[in-house]
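Novice: Please see the structure below; I have some questions.
Where a number appears in this text, it was derived from the coordinates with a stated rule and is not lab data. From a predicted model like this one, the values you see are computed outputs, not experimental measurements. Note that each Cβ is placed from the backbone with ideal geometry, even for glycine, and that neighbours are counted across all protein chains shown.
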Amino acid sequence: GENVEQHPSTLSVQEGDSAVIKCTYSDSASNYFPWYKQELGKGPQLIIDIRSNVGEKKDQRIAVTLNKTAKHFSLHITETQPEDSAVYFCVLPGGNTGFQKLVFGTGTRLLVSP
Amino acid sequence: SAVISQKPSRDICQRGTSLTIQCQVDSQVTMMFWYRQQPGQSLTLIATANQGSEATYESGFVIDKFPISRPNLTFSTLTVSNMSPEDSSIYLCSVGLTVNTGELFFGEGSRLTVL
């Protein structure tokens, strides 16, 4: 099955700083790369995704970049705010049931200090 | 989007007992999944809940331990059978609205503690 590695496992930043989380994967056939955010006591929620036909996608303060040659994709959060504190998961489709049988990365706990 | 309600939200259970978790969705959905999240860990897919047929289990998960029902397109249950402390986890129901959107919606999870 698909193997995905995520780094770092924890990340502490000051409010206003940028945060970058990186994931590497093994299956070269992967063509969909979502990121999920899980706040304390809640289920994960999709925050941004990218398909393999583009190298970067941005949505306000968050962006995702994809390097298919090197098999890695990254989440970038600029101007971090305390409400960005959560666990972030990179995710890959893990089966052939469309895009929805997901394999989650190990997660990054982001702490944004005021 | 989809609104997913899970019950119970949390429970404390005794070793050797079984507990059934319910998942109710506010609309009919084709794809429904059950995930497990052990303390401080990532999410692991347990099974795909299939309406009208047996669930499809991932490697390491078996029907005798995690029986799943899906009587219709808005409801599913997951039972954790003969529980041990190792079953202490958050169990999450998730749904996909269409095959090609790639987005899953999750319930808030059911946190089980087995003593």
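Novice: Between residue A:10 and residue B:62, what is the label-point separation in nm under the 7 Å Cα-to-beta-carbon projection?
Specialist: Reported label-point gap for residue B:62 and residue A:10 is 3.7 nm.
Novice: Counting other beta carbons within 10 Å of each residue's own, what order do A:33, B:61, B:106 fall into, fewest first?
Specialist: In increasing order of surrounding Cβ atoms, one gets B:61, B:106, A:33.
Novice: If contacts are Cα pairs under 8 angstrom and at least 6 residues apart, what is the relative contact order of chain B in percent?
Specialist: Relative contact order here is 37 percent.
Novice: Moving to a separate point now. How many nm separate the modelled label positions at residue A:69 and residue B:113, each set 7 Å beyond the Cα in the direction of the Cβ?
Specialist: For residue A:69 paired with residue B:113, the spin-label model returns 5.2 nm.
Novice: Compute the whole-percent fraction of alpha carbon pairs in the stretch B:22-95 spaced more than 21 Å apart.
Specialist: Cα-Cα pairs of the stretch B:22-95 separated by over 21 Å account for 21 percent.
Novice: Oh, and also: I want to check the label-to-label distance for residue B:72 and residue B:22. Put each point 7 Å from Cα in the C-beta direction and report it in nm to one decimal.
Specialist: My value for the distance between the label points is 1.3 nm.
Novice: Can you sort B:23, B:13 so the residue with the fewest Cβ neighbours within 10 Å comes first?
Specialist: By the 10 Å Cβ count, ascending: B:13, B:23.
Novice: What list do you get for B:56, A:10 if you sort them by fewest beta carbons within 10 Å?
Specialist: A:10, B:56
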